[in-house]
Structure formats: structure tokens, C-alpha cells
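Next up is a structure, given as C-alpha cells.
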Amino acid sequence: MIIQRERYLKEIRAVTGKQIIKVLTGMRRVGKSTLLQQIQEALIASGVAVDQIISVNFELMEYEPINEYHELDRYIRERMVNTERYYVFLDEIQEVSGFEKVVNSLNAEGNAELFITGSNSRLLSGELATYLTGRYYAIEILPLSFMEILSLDPKDEREQALLRYLRTGGLPGILHFEIEAIRRNHLLDMYQSILLKDIIGRYHIRNVDLLQRFMRCIMHNIGQTFSAGTITKYLKSEGRRFSKETIYQYIDAAKQAYLIHGVPRYDIKGKELLKTNEKYFINDLGLRSLFFDNEQDISQVLENLVYLHLRGKGYEIYIGKYQEKEVDFITVRANEKQYIQVAYLLAEPATIEREFSVLEQIDDNYPKLVLSLDRVNRSRNGIIHRNLIDFLLDRLVHGIEGCS
């Protein structure tokens, strides 16, 4: 089953035809290859000849002989046999050492339009950034959102669909399997592939067991303030020892592979970015469900879900600190800002007070939202309470995006 991911296709269409390199980044198996295929199909439908499309997927063994930038350059140029415009698609390009030289040269010559993908965020750092400053357009591809999954069966009961999504996540490969046990095995294979190819292999990590324990610790504590000391103590209790430097190495590797996302903290009153105690969120909740019960940890998991929704909307995201209290998210885009609290249910007076009171203390006019699965509207004192599922489905009300 192939989903037309219109939010990405629309963005790609807007830059197609322009002499900039289109870079699709994101975790392995989120659907980058499928998007490349859909772009190629759209080009052919618009009248581009098949011979003008050159496509290479470096995950396939047949392209291993050109896994070196001189050979790659030769392979492409042998297929550019006339002066027509060519469309070059290079999938998982990070497998080619020195690829940026080929990409830069082809783009500079002007008769090729390039689309490349990679599963490591360092694709856009180092030499590539130096070579291509101002000459590429990057799009991060996330797993399928809850809205995209629900669109497959719009008649599905929303609450049940949400709980199912929390168990299975949004990696497109799961759509091929209906039996939950098979989906789970498929998710486990994908998770191990990410660890092996994008973390262990790339960063030459020797202690695989320790890395796996560390990742489970991060997954267990999504949405919790991070401390290297806390993780050190946790692993020490299991009879494992390693340094804070190793912890930060593992965090960096997992972030580079898009397996987790780090969110910095911002002091709202002091108006400064804090250097310590950021939070981490998993890129796909189905991967977390391999090791933990997402329904049992519903509050943390819903916070993670909202984070992924906000990231997909292109916001800058921060964790807010106001005196001794915390705001789950501050989102910024251009001149827009909003404060967001996430709760499972506002069933108890103490919960209502905790979620609303910190927002009531913030003395500015930016929108302030509390999200929960309640159907009853508990908005008060200018703070808008909205149903979390409506928020995920991008309903609009009163000009506030993502709310209904």
C-alpha cells in the first residue's frame, strides 16, 4: 500500500524546476525512497522522457560498484547523452564517500536537477554544507502521522484508531501486515537495521549490549528532563558502567540517525536558552512499543505524539521553564509563538490546576493551549482547551492552527 504524502509532495513540487538540490532526510524506512518514486512518476506524467531520469538506490547490491564518487560521476555522465535536462535521483547517498563533489559539480553545470536522500543528519553538515551553501533545499521526512494513517480508513473510530497508532506507530512498512505479531517482528527488524547500519556501523560502537540498554532507557524516559547522571545511575543499577562522554556519544549517534530528537529548554521569564536538561522524544512510537506499553505510559506518549505533529508542521520547538514550573512546548515560526500543555485527561482538579496555572502566569498575548483527550471544553481565562485528536487532525478554529 502506497500513500500519496501530499504535504511533502506539495513542498517538493514548489522547488522542482529550480536549480537547487532537493535533499530528503529522515530515519531509515520512513518512506524517502517511495517519495522519490512518486516524484519520478509525476515527472513522467508531465512529459519528461524516461531516458532523462537517472535513478540510483545505494541500498541495492547492483549499485555497489559505483559506491565511490569517481565511479558515480562516470555512471551518471555515461547516461547523459544529449543536451536535454536530466533528473538525477540518488537514494541513501551517504553510502558514497565524497558524493558531495559529484552533486556539486552536476548542479553547477546546470543541465541536471538533483534529488538526493540520506538517513543521517550529517548529510547536511561538514563538507556538503561547505560545498552547497545556498544551493540545496532540505526536507525532513517523518513517519506517517496519525492523520495520514486515519485517512486510509476515515470511518474508523477515532479513539480506537489513536490507541492502535500508539501501538504500531507510523513507519510505512507496517501497512503491509495485518497481523499484529507480524507487524511487531517487522518493526523489530527495522529497529535493528537502524541500530546496525546507522549507529553501530557508522560510529564503530563496540559494546552493542550497552547501546541497546541505553536506547531502552531513553525510550522509557521520553518527555522527561534528561540528565547524564540519571542514566549513569540507571545503568549502574543493572551492573553496567560507562562514562558521561559515552552517553553523549550515543545520544549524538541516535540523533544523527533520526532515531530520537532532542528539545532544548527555554527560560520564559529570563528569555534565554538553557544549556542543560533538554528532553528527548522517539521518532516513531511503534519502535518504543517493542519494549514498553505505550498505553500504560499514555501521558508521556501523547506528549511525544504532539511533539512529532509540531515538528511535522515545521515549528521550532522548545521546552518552557517558568520559575519552577514547566510548559510542555513553546512553538515558534516566523513571528508566531504559542504555548502548549499536553495531558491525558483533565479528570481531577489538581490536574486542571497544574496544566492551566503555569500558562495563566505567562504575561504575554501569544496563544496558550491545553490539549487532552477530553471532549468537554474546559477553556478558561483566555487559555484554549482543545481535544487532542482534533489537534492532530489539523482542525482550525479562531485562526489557531491545529485546534478545533
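Determine, yes or no, whether I182 is β-branched (V, I, T) and touching a residue at least 60 places away in the same chain (Cβ under 8 Å). Step through it out loud before you land on a result.
Values: β-branched (V, I, T): yes; touching a residue at least 60 places away in the same chain (Cβ under 8 Å): no.
So I182 does not fit the description; no.
How do the helices (runs of 4 or more DSSP H) wholly within the stretch 1-94 filter down when requiring 3 or more residues that are aliphatic (A, V, I, L, M): which remain?
Values: elements: 6-15, 32-45, 69-79.
Counting at least 3 such residues, we get 6-15, 32-45.
If you take the residues in the stretch 215-227 that are modelled with pLDDT under 90 and either open to solvent by 80 Å² or more (accessible area, probe 1.4 Å) or in a loop (DSSP other than H, G, I, E, B) (or both), which one is nearest to V342 (Cα to Cα)?
Of everything passing the filter in the stretch 215-227, F226 is nearest to V342 (Cα to Cα).
List the residue pairs whose Cβ atoms are under 9 Å apart, where the first residue sits in the stretch 101-128 and is at positive phi, the second is modelled with pLDDT of 85 or more and crowded, with 16+ Cβ neighbours inside 10 Å, and the two are 6 or more positions apart or on different chains.
Partner pairs satisfying both residue conditions: G126/E100.
Let's see how each residue does on (1) surrounded by 13 or more Cβ atoms within 10 Å (Cβ to Cβ); (2) touching a residue at least 40 places away in the same chain (Cβ under 8 Å):
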| residue | (1), (2) |
| --- | --- |
| V23 | yes, yes |
| S33 | yes, yes |
| Q40 | yes, yes |
| S46 | no, no |
| M61 | no, no |
| H70 | no, no |
| M80 | yes, no |
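So which of L152, L132 ends up being under 30 Å from L310 (Cβ atoms) and buried (at least 18 other Cβ atoms within 10 Å of the Cβ)? Let's see the steps before the verdict.
Details: L152 fails: buried (at least 18 other Cβ atoms within 10 Å of the Cβ).
None of the others qualify; the one that does is L132.
Yes or no: the stretch 117-126 includes at least one residue that is surrounded by 19 or more Cβ atoms within 10 Å (Cβ to Cβ), at pLDDT 90 or above and not in a loop (DSSP other than H, G, I, E, B). It would help to see each step written out before you state the result.
Narrowing the stretch 117-126 to residues surrounded by 19 or more Cβ atoms within 10 Å (Cβ to Cβ): 117-120, 123.
Filter once more, keeping what is at pLDDT 90 or above: 117-119.
Pick out the ones that are also not in a loop (DSSP other than H, G, I, E, B) and you get 117-118.
Yes; the residues of the stretch 117-126 include at least one that is surrounded by 19 or more Cβ atoms within 10 Å (Cβ to Cβ), at pLDDT 90 or above and not in a loop (DSSP other than H, G, I, E, B).
Something else about it: Would you check if Q212 is at pLDDT below 95 and either part of a helix (DSSP H, G or I) or of a type in the set (D, E, K, R) (or both)?
Details: at pLDDT below 95: yes; either part of a helix (DSSP H, G or I) or of a type in the set (D, E, K, R) (or both): yes.
For Q212, the condition - at pLDDT below 95 and either part of a helix (DSSP H, G or I) or of a type in the set (D, E, K, R) (or both) - is met.
Out of the residues in the stretch 266-292 meeting the condition of being in contact with a Lys or Arg (Cβ under 6 Å, 6 or more places away or on another chain) and at pLDDT 95 or above, tell me which one is least open to solvent (accessible area, probe 1.4 Å).
I282
Another question, if that's okay. Select from the stretch 293-304 the residues that are open to solvent by 10 Å² or more (accessible area, probe 1.4 Å) and within 15 Å of the chain's Cα centre (by Cα) and list them in ascending order.
Matches in the stretch 293-304: E303 only.
So V103 ticks every box in (1) surrounded by 19 or more Cβ atoms within 10 Å (Cβ to Cβ); (2) in contact with a strand residue (DSSP E or B) (Cβ under 7 Å, 6 or more places away or on another chain); (3) within 30 Å of S299 (Cα to Cα) but one. Which box is left unticked?
(3)
To continue, here is another question. Working only within the stretch 360-376, note down all residues that are among the hydrophobic types (A, V, I, L, M, F, W, C) and buried (at least 21 other Cβ atoms within 10 Å of the Cβ). Break it down stepwise before answering.
Restricting attention to the stretch 360-376, the residues satisfying the condition of being among the hydrophobic types (A, V, I, L, M, F, W, C) are 362, 369-371, 373, 376.
Listed by number, the residues that qualify are L369, V370, L371.
When residues of the stretch 325-382 are filtered for being outside any loop (DSSP other than H, G, I, E, B), under 30 Å from the mean Cα position of the chain (by Cα), at pLDDT 95 or above and not acidic (D, E), how many remain? If you could, list the steps in order and put the result at the bottom.
Pass one, the stretch 325-382, residues outside any loop (DSSP other than H, G, I, E, B): 325-333, 336-342, 349-361, 368-372, 380.
Narrowing the set further to residues that are under 30 Å from the mean Cα position of the chain (by Cα) leaves 325-333, 336-342, 351, 354-356, 358-359, 368-372.
Checking the rest, the ones that are also at pLDDT 95 or above come to 326-332, 337-342, 351, 354-356, 358-359, 368-372.
With not acidic (D, E) added as a condition, the list becomes 327, 329-332, 337-342, 351, 354, 356, 358-359, 368-372.
So the answer is 21.
Tell me the residue from R240, R184, R202 that is in contact with a helix residue (DSSP H, G or I) (Cβ under 7 Å, 6 or more places away or on another chain) and of a type in the set (D, E, K, R), please. Steps first, answer last, please.
Values: R184 fails: in contact with a helix residue (DSSP H, G or I) (Cβ under 7 Å, 6 or more places away or on another chain); R202 fails: in contact with a helix residue (DSSP H, G or I) (Cβ under 7 Å, 6 or more places away or on another chain).
Being in contact with a helix residue (DSSP H, G or I) (Cβ under 7 Å, 6 or more places away or on another chain) and of a type in the set (D, E, K, R) holds for just one of R240, R184, R202, which is R240.
Then there is this: In the set A138, A181, which member is modelled with pLDDT of 90 or more, under 25 Å from T25 (Cβ atoms) and surrounded by fewer than 19 Cβ atoms within 10 Å (Cβ to Cβ)?
After applying the criteria, what remains is A138.
Among the residues of the stretch 1-25, write down those that are of a type in the set (A, V, I, L, M, F, W, C) and over 22 Å from G170 (Cβ atoms).
Initially, the stretch 1-25 is screened for residues of a type in the set (A, V, I, L, M, F, W, C), giving 1-3, 9, 12, 14-15, 20-21, 23-24.
Matches in the stretch 1-25: A14, V15, I20, I21.
The values are calculated or read from the model by the stated rules, or taken from the named source; none is laboratory data. Predicted model only: the values in this text are computed from it and were never measured. Here the Cβ is made from the backbone with ideal geometry for all residues, glycine too, and neighbour counts use every protein chain on show. Accessible surface areas use protein heavy atoms only, side chains included; no ligands, DNA or RNA. Shrake-Rupley method; radii C 1.70, N 1.55, O 1.52, S 1.80 Å.
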